[in-house]
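In what follows, a single structure is set out as C-alpha cells and then discussed.
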Amino acid sequence: MIHYQIQPIDPNAHLFAVSVSVPQAEAGQRFTLPAWLPGSYMIRDFARHLIGVRAQRPDGEPLALNQLDKQTWQLDHASGAVELHYQVYAWDLSVRGAHLDQTHGFFNGSSTFVAVVGQESEPVKVTLLAPQGPQYQNWRVATAMREAGAERYGFGDYQAENYDELIDHPVEMGEFTLATFEAGGVPHDLVLTGRHLADTDRICADLRKICEYQINLFGGQAPYDRYLFLTQVVGSGFGGLEHRASTALVCGRGDLPSANEPGVSEGYRTFLSLCSHEYFHNWNVKRIKPAQFVPYDLSQESYTRQLWAYEGITSYYDDLLVYRSGCVDKGTYLQMLAEGMTRVTRGVGRFKQSLRDSSFNAWTKFYKQDENAQNAIVSYYTKGALFALTLDLTLRLETRGRRSLDDLMRLLWERHGQTGIGTDEHTHQALMAELLDRDVSDLFAYLDNTDDLPLEDLLAQVGVEMRMRAANGNGDKGGQGKPALKASLGARYRAEAFGVRIEAVAEGGNAHRAGLAAGDRLIAVDNLEVAGNLDTQLERYGEGSELTIHWFRRDELMSGTLELRPAPMDTVVLSTVEGANQALWL
Ligand code: ZN
C-alpha cells in the first residue's frame, strides 16, 4: 500500500518533512502535486513550497529523479519499491494551504502529498507524527481521515480509500479547544485553534440546529459518519473551504460569542452563515458536482459555467437556513438578505458580465479581483444567490406553496448526488421545468444576460417590500440604516493619518468624474484638510456644489473639481408589509 508519512520537522522554520513509500513503482514513474484544490478556483502552484525533492530505495540507495514541469517529477527507469522525500514550507494561514509554527500545524493534502501517477485510485496509509520535543507533548490531531491504528485525536496511522479522499481531509494539530455535539445521529466536532474566549456550548447548540435542519432537508441521512469544523481563530479574518466530512474555517476572535454575551452580533451571524454555507456544500458540490469535476483535474484550470449553482444556491441557503433553523429572527434575515442584494446593486459590473461568464472566468477574474472589480464583474456568489431566490419564489408562487427550491435540491441529490453523475449546463433548467411543468427558458435567460432579476415583483407577492435608497456613508452595507446622504464621493476609501486613501472608484460616480483613482490619497476638499469623517464633511455642501479637491497620486500633488451630484440609489432595503401573507416563503 502507498504510505505517506508527515511530521513537523522544524516548527520554528515552518517545515513539514514528508515521505511517500511506493511498493510497486513502474519504470518512468511520475509524481505530481496539484496546482489548485477543489472549492477554490485559482491556480496556486502548491509545488512552489516543496524543498529538496529526492528519491531513493527503501535501503537508502539514491535514485535519479527528473523534474518535468513545475509540479511533476519522474524516476528514470527504476521500478519496484521506491521512496520520495521532501520538505514542505508551511506559512500560509489560510484554509487553502499549510501552516506550521510552535503553536499548531495545519495542512491540506493538496499542499503536502504528491500523487503517485497511475495509482491515484489505490488505498493509502498515512502516518501523522508529532513534532519532537517536550513542548509538543500535549498536541492532538483533528481530522476526518479514518483512523488505522491511531486513537481518535491521536498521532499515528490513518487511511484513505484513494488520493482524492486523501487530499479532502485537512489535518489540524496542536493544543486546540474541542467540543462535540450530535446532529442527525452523527458526531460533529467543533475544533478551535488560536486564542479565544468563545462560549463553545452556545456555538455547538446553534450549529446543531443548522446541521440538523440541513440533514433533514436532504432526507434525514447524513452522508458521512462524523464531521469536523476545523476553525482557526485570529484577530480578524474570514474564510472557509468545504470538504467531504469537514470544513476548514478562519474567523475573527470577536465574531465568536463570549459567555453571557446577549443577542446575535453581526460577527456571530456572519460566522454561523459561514458554517451553514460550508455545511450545505456537503451536498451541493461535494456530492452533487458539475460534470467537469468528475473527476477533478487538479493539474490546470478546470472550467465550468455552473459555479452560480454551486456557490450561488449555497449562498442563498446559508443565511436562509440560519434563519429557518431558528438562530436569527425574520427581521435579521431580511437585513442579511438586503446586505447581500446591496453587494450586487452597488457594482455596474453586473451589467457587463453574466452569471455563466462569471463562473467560467472565476480563475482569473473572481479569484483575482483588483480595484476595478465592481465595475467589471459580477459575483456568482451574490448574484447567484439572488438567482436562487428568484427560482425559490417562482416555485413557491406558481405552485401555491406546494413546491420550493428544497424540492429541486432533493431531486439533484437523488439523481446526481447519490449517483455520482455530474450535472451539465441544462440540468438545473430541466429539473425546474419538471417541477413547474412548463418551459422555464424565460427564467434561465437570466444566467446569460445581464438584466437585474425581477425580485421587487416576486418579493412583493410574498409580503416583502423591496426599495432602493442612497447609501448613508462609506461603511453602509445596506438594509435598514441611518438617513441617506444627499451626495457621495462615489468611491470606497479608508481613513489614514493624513487624508483618506481611495480603495476603489465607482464607474460613473463623482470621484470618477473628478479624476480620482484607486491608491490616491485625498487630502483636501474645498481647500480644507480631509480629516475624520469625509462623508460628514461633504454633507455640509449642497447638491450640485463644485468643490476644489487636492490629492496625492504616488508623490505627486494633483487637483481637480468634485461636483456633488446626488448619491446613487444603489442600496437595498427590505421590510415586511403589515397584514400581507408571508407564509409562502418565510
Ligand atoms: Zn462555497
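The values are calculated or read from the model by the stated rules, or taken from the named source; none is laboratory data. The structure displayed is predicted, hence computed values, not measured ones. As a convention, Cβ positions derive from the backbone with ideal geometry for all residues, glycine included, and neighbour counts pool all protein chains shown. The accessibility values were calculated without ligands, DNA or RNA, using every heavy atom of the protein model including side chains. Shrake-Rupley method; radii C 1.70, N 1.55, O 1.52, S 1.80 Å.
Taking the stretch 273-296 as the search range and keeping residues that are in a loop (DSSP other than H, G, I, E, B) and not hydrophobic (A, V, I, L, M, F, W, C), which one is farthest from E339 (Cα to Cα)? Even if it seems obvious, please write down each step before you answer.
If we filter the stretch 273-296 for residues that are in a loop (DSSP other than H, G, I, E, B), which is where we start, we get 281-283, 285-287, 289, 294-296.
Restricting the remaining residues to those that are not hydrophobic (A, V, I, L, M, F, W, C) gives 281-282, 286-287, 289, 295-296.
Values: H281: 22, N282: 25, K286: 27, R287: 29, K289: 28, P295: 36, Y296: 34 Å.
Within the stretch 273-296, the match that is farthest from E339 (Cα to Cα) is P295.
Within the stretch 154-171, the residues that satisfy the criterion of being surrounded by fewer than 17 Cβ atoms within 10 Å (Cβ to Cβ), touching a Leu at 6+ places or on another chain (Cβ under 9 Å) and within 29 Å of Y296 (Cβ to Cβ) are G156, D157. Out of L256, L307, L298, L272, one residue alone is within 12 Å of the ligand (Cβ to nearest atom) and of a type outside the set (K, R). It is L307.
With respect to being of a type outside the set (S, T, N, Q), within 30 Å of P454 (Cβ to Cβ) and open to solvent by less than 20 Å² (accessible area, probe 1.4 Å), A524 falls outside the description.
Residue-by-condition table, conditions (1) in contact with a Pro (Cβ under 8 Å, 6 or more places away or on another chain); (2) open to solvent by less than 10 Å² (accessible area, probe 1.4 Å); (3) in a strand (DSSP E or B):
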residue	(1), (2), (3)
T231	no, yes, yes
S236	no, no, no
T247	no, yes, yes
F271	no, yes, no
L298	yes, no, no
E301	no, no, no
G312	no, yes, no
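Taken together, the criteria place M145 among residues that are free of Cβ contacts under 8 Å to residues at least 60 places away in the same chain, hydrophobic (A, V, I, L, M, F, W, C) and open to solvent by less than 10 Å² (accessible area, probe 1.4 Å). Among the residues of the stretch 532-547, the one identified as farther than 29 Å from Q480 by Cβ and open to solvent by less than 60 Å² (accessible area, probe 1.4 Å) is L547. For the stretch 404-446, a residue qualifies if it is of a type in the set (V, I, T), in contact with a helix residue (DSSP H, G or I) (Cβ under 9 Å, 6 or more places away or on another chain) and surrounded by fewer than 18 Cβ atoms within 10 Å (Cβ to Cβ), and exactly one does: I421. You will find that of R208, R244, the residue that is within 16 Å of the ligand (Cβ to nearest atom) and at pLDDT 95 or above is R244 and no other. The C-beta contact set for the stretch 345-364 (first residue surrounded by fewer than 19 Cβ atoms within 10 Å (Cβ to Cβ), second residue part of a loop (DSSP other than H, G, I, E, B) and among the aliphatic types (A, V, I, L, M), distance under 7 angstrom, 6+ apart or interchain) comprises W363/M42; W363/I43. For the stretch 124-139, name all the residues that are open to solvent by 30 Å² or more (accessible area, probe 1.4 Å), under 28 Å from P23 (Cβ atoms) and among the polar types (S, T, N, Q). Within the stretch 124-139, Q132 is the sole residue that qualifies.
Could you go through the stretch 484-491 and let me know if any residue there is open to solvent by less than 90 Å² (accessible area, probe 1.4 Å), on the phi > 0 side of the Ramachandran plot and assigned to a loop (DSSP other than H, G, I, E, B). Yes; the residues of the stretch 484-491 include at least one that is open to solvent by less than 90 Å² (accessible area, probe 1.4 Å), on the phi > 0 side of the Ramachandran plot and assigned to a loop (DSSP other than H, G, I, E, B). Taken together, the residues in the stretch 462-483 that are surrounded by 14 or more Cβ atoms within 10 Å (Cβ to Cβ) and within 26 Å of A518 (Cβ to Cβ) amount to 11. Tell me, which residue of the stretch 172-228 that is open to solvent by 30 Å² or more (accessible area, probe 1.4 Å) and assigned to a strand (DSSP E or B) is farthest from R140 (Cα to Cα)? Across the stretch 172-228, the extreme among qualifying residues is E182.
Out of the stretch 447-461, which residues are surrounded by 15 or more Cβ atoms within 10 Å (Cβ to Cβ) and hydrophobic (A, V, I, L, M, F, W, C)? L447, L453, L455, L458, L459, listed by residue number. Of the listed requirements (1) within 16 Å of the ligand (Cβ to nearest atom); (2) under 20 Å from L320 (Cβ atoms); (3) more than 16 Å from the chain's Cα centre (by Cα), K289 misses just one: (2).
Of everything in the stretch 252-267 that is out of contact with any Leu (no Cβ under 7 Å at 6 or more places or on another chain) and not in a loop (DSSP other than H, G, I, E, B), the residue that is surrounded by the most Cβ atoms within 10 Å (Cβ to Cβ) is D255. Pairs meeting the criteria (first residue in the stretch 163-186 and at positive phi, second residue assigned to a strand (DSSP E or B) and open to solvent by 30 Å² or more (accessible area, probe 1.4 Å), beta carbons under 8 Å, at least 6 apart or on different chains) are G174/R140. Is there a residue in the stretch 319-339 that is in contact with a Gly (Cβ under 9 Å, 6 or more places away or on another chain), under 26 Å from H188 (Cβ atoms) and within 11 Å of the ligand (Cβ to nearest atom)? Within the stretch 319-339, none of the residues are in contact with a Gly (Cβ under 9 Å, 6 or more places away or on another chain), under 26 Å from H188 (Cβ atoms) and within 11 Å of the ligand (Cβ to nearest atom).
Report yes if some residue within the stretch 122-132 is out of contact with any helix residue (DSSP H, G or I) (no Cβ under 6 Å at 6 or more places or on another chain), part of a loop (DSSP other than H, G, I, E, B) and of a type in the set (G, A, S); otherwise report no. No, the stretch 122-132 contains no residue that is out of contact with any helix residue (DSSP H, G or I) (no Cβ under 6 Å at 6 or more places or on another chain), part of a loop (DSSP other than H, G, I, E, B) and of a type in the set (G, A, S). In the stretch 281-308, the residues that are acidic (D, E) form Cβ pairs under 7 Å with partners that are more than 16 Å from the ligand (Cβ to nearest atom), at six or more places apart or across chains, as follows: E301/I43. Would you pick out the residues in the stretch 1-52 that are within 22 Å of E165 (Cβ to Cβ), open to solvent by 30 Å² or more (accessible area, probe 1.4 Å) and either in contact with an Asp or Glu (Cβ under 6 Å, 6 or more places away or on another chain) or basic (K, R) (or both)? Correct list: S21, R30, R44.
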